[in-house]
Amino acid sequence: MKAAKAVPVLMYHHVSPNPGLVTVAPQTFEYQMAQLAAKGYTALTADRFLAFLGGEAEVPEKSVLITFDDAYLDNYVYAYPILQRHGLHAVIFAVSGWIGEGACRPHAGEASAADLPACPNHRRCTLAIQDGRADEVMLRWAEIGRMEADGTMEIHSHTHSHLRWDKLHPDRGERLARVAEDLRRSRETLRQRLGRADRHLCWPWGYFEPEYLDAATQAGFAAQYSVAKGINRRGGDPRQIYRMVVKDRCGNWLASRLWIYRRPLLGALYLKLRGK
């Protein structure tokens, strides 16, 4: 096996037929996942990726980590059956305070379009959460359990409340205390619900202060994911994991980006030329 020198991490939010911010159409997602499978990519688990990053394990040259932020309902309704169909694995970073109770709703792999739950665009999802109607647009624990049971999806932390603490708490001491408490609640909720101590954290809003990294490490998170673009080399810093925003594009767009991001020197040059 030829081993990877770098592993790209893909970042999605929505897979939905309702266009909007940070949204990929189901047909586009189908095309992208089919392309990954056809080109022989291995979709890693989060722990296997972390072992690669820490230099503890080798992974195939064509490896990728597929991630979703926030845990929207459309991840289950549309993305999950597509990943199943192509034998690919993905990670969902869930805002644990937004996950609801109730039975599994139908998804596109088992029901007609007319019977599927509504999956609104990002703006409407945000308004629903603000109005206390998160269950209409976010995952339920039962759906998470179903996706984890067959190994298609795994769930990790995106904090408990998805707050910008710097805007809410000007006092540094209070701010760091709030961050620590939020991380504790998220990790404890996932432990109670999923039966394991979570090691993977994705920072919300693409924002964190240097002190946050220490707070997350002290809370037990070994891997910390950002929205910054960069190259995830073997032996890289697990507290600064780079991700690539996936756009609603077919053709060779994704394949060409993966080809670049798997090559540390070329990827670094590409990002430098683009001012990243």
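Read the figures in this text as sums done on the coordinates, not as results from a lab. What you see is a predicted model; the values in this text were computed from it and never measured. Cβ placement follows ideal geometry from the backbone for every residue including glycine, while neighbour counts extend to all protein chains displayed.
What are the lysines whose alpha-carbon lies under 27 Å from the alpha-carbon of Lys276, with same-chain residues fewer than 8 places away excluded?
Filter leaves Lys5, Lys62, Lys167, Lys229, Lys247.
Taking R0 as 30 Å, what FRET efficiency do you get between Leu168 and Lys276 from their Cβ-Cβ distance, rounded to the nearest 0.05?
Once the sixth-power term is evaluated, E becomes 0.55.
Take the chain, connect every pair of alpha-carbon atoms lying under 10 Å apart with a spring to form a Gaussian network, then pick out the residue of Pro106, Pro81, Pro26 with the largest mean-square fluctuation.
The residue that fluctuates most here is Pro106.
Tell me whether the stretch 19-150 comes out rounded, prolate or oblate; compute the Cα gyration tensor, take square roots of the eigenvalues as a ≥ b ≥ c, and use a/c under 1.5 as the rounded threshold.
prolate
With springs only between Cα atoms under 10 Å, which of His158, His107, His14 fluctuates most in a Gaussian network model of the chain?
Maximum fluctuation in the GNM of the chain, among the listed residues, is at His107.
Quick query: amide H of Met138 versus all other amide H atoms, modeled in the peptide plane; which residues come in under 5 Å with a sequence gap of 5 or more or a different chain?
Leu73
For the stretch 208-276 and the stretch 149-186, what is the separation of their C-alpha centers, rounded to whole Å?
One Cα centre to the other: 20 Å.
Take every DSSP beta bridge with both residues inside the stretch 9-273 and express the antiparallel ones as a percent of the total, to the nearest 5.
So the antiparallel bridges amount to about 5 percent of the total.
Could you line up Arg243, Arg124 from fewest to most neighbouring Cβ atoms inside 10 Å?
Working: Arg243 22, Arg124 15.
In order of increasing Cβ crowding within 10 Å: Arg124, Arg243.
Please identify, among Ser63, Ser112, Ser161, the residue showing maximal mean-square fluctuation in a Gaussian network model of the chain using a 10 angstrom Cα cutoff.
Of Ser63, Ser112, Ser161, the most mobile in the Gaussian network model is Ser112.
When the dipole is taken about the Cα centre of the chain, and only Lys, Arg (+1) and Asp, Glu (-1) are charged at their Cβ, what size is it in debye, to the nearest 20?
1160
FRET efficiency for Glu61 and Arg191, Cβ-Cβ distance as r, R0 = 25 Å, nearest 0.05?
That gives a FRET efficiency of 0.10.
So how strong a dipole does the stretch 175-255 carry about its Cα centre when Lys and Arg Cβ are +1 and Asp and Glu Cβ are -1, to the nearest 20 debye?
For this selection, approximately 300 debye.
Going toward the positive end of the dipole of the stretch 207-269, with +1 on Lys and Arg Cβ and -1 on Asp and Glu Cβ, which of Val227, Tyr212, Ala255 do you reach last?
Ala255
Would you mind counting up the charge near Leu213? Only other residues with Cβ under 12 Å from its Cβ, with Lys and Arg at +1 and Asp and Glu at -1.
Summing Lys and Arg as +1 and Asp and Glu as -1 gives -3.
If you rank Phe208, Phe221 by fewest surrounding Cβ atoms within 10 Å, what's the result?
Phe208, Phe221
Spelling out what I want: for every residue of the stretch 221-231, take phi, set θ = phi - 60°, compute 6.51 cos²θ - 1.76 cosθ + 1.60 (Karplus), and round to whole Hz; glycine and proline get x.
Going residue by residue, I get 8, 8, 10, 10, 9, 10, 10, 6, 8, x, 10 Hz, with x marking Gly and Pro.
Could you tell me the relative contact order of the chain? Use alpha-carbon pairs under 8 Å, at least six residues apart, and round to a whole percent.
The normalised contact order for the chain reaches 24 percent.
At a Förster distance of 51 Å, what's the computed FRET efficiency of Gln240 paired with Ser112, Cβ-Cβ distance as r, to 0.05?
Once the sixth-power term is evaluated, E becomes 0.70.
Per-residue HN-Hα couplings for the stretch 38-54, Karplus 6.51 cos²θ - 1.76 cosθ + 1.60 at θ = phi - 60°, whole Hz, x for Gly and Pro?
Karplus values, whole Hz, x for Gly and Pro: 5, 8, x, 6, 9, 8, 6, 7, 5, 5, 5, 4, 5, 5, 4, 4, x.
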